[in-house]
Amino acid sequence: MRVGGFFLTGVALCALSAPALAGKQNDTLNWAISQEAPSIDPYYSQTRESVVMYRNVCDNLLYRDPKTGAYQAGLSTAHRWIDDLTLEFDLRKGVVFHDGRKFSSADVVYTFNHVANPDNAVIAQSNVKWIKSAESVGDDKVRII
C-alpha cells in the first residue's frame, strides 16, 4: 500500500516539532475562544467560555464525580454538617496560589462572604442564595452558615 508524500511529511513534522509549553518563563497563558468572555469569574459570567476556562484554571472545595454523584476532596480534605445550617470544611494544607501566597481559610471566608452579599450582584443568585455567611475556624478550617 502506498502512502502519499503529504502524509509522510506531516508525520515527519510532528515527530520533529517541539511539545506545546505554557509560558512559564513569562507567566503567560494563551487562550483562544470564539467570542470575548465578559469575565472568567464564574460568579459574574455564565458563558460556556468562562465556565470552561474557570474549570481548567481554578479548583473548588469539593468535586462531584459525574459518574457516581459522590463528593470528593478538592481544596478541602473533608467536610461535615455541624448542624442543620452549618457546613464545616477542613482545607488542604500546602496549597499555594500562582504567586506563591499560601492558601488559607481567610481566602475561602472572603470568597463566600463576597458572593453571599446581594450588593455584589453575583449573576447566578440561585447558586449562592443559600449562604448566610462564612467564618474561619483556624487557618485550615472554615464554616459556612
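Using a Förster distance of 22 angstrom, determine the FRET efficiency expected from the C-beta separation of residue 25 and residue 99, and round it to 0.05.
0.90
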Straight-line reach from residue 141: which lysines have Cα under 19 Å away, leaving out those fewer than 8 places along the same chain?
93, 102, 132
Along the stretch 138-143, what does the Karplus equation 6.51 cos²θ - 1.76 cosθ + 1.60 (θ = phi - 60°) give for ³J(HN,Hα), rounded to whole Hz, x for Gly and Pro?
x, 5, 10, 8, 9, 10
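So, R0 is 22 Å and r is the distance between the beta-carbons of residue 114 and residue 65; what FRET efficiency does that work out to, to 0.05? Could the numbers behind the result be given before it?
On the way: r = 28 Å, r/R0 = 1.26.
E(calc), rounded to 0.05, equals 0.20.
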Note: residue 78 to residue 127 extended length (0.36 nm per residue) minus current alpha-carbon separation gives 15.5 nm
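The numbers here are math on the coordinates, done by the rules we state, and not lab data. Keep in mind the model is a prediction, meaning the values are calculated, not measured. Note that each Cβ is placed from the backbone with ideal geometry, even for glycine, and that neighbours are counted across all protein chains shown.
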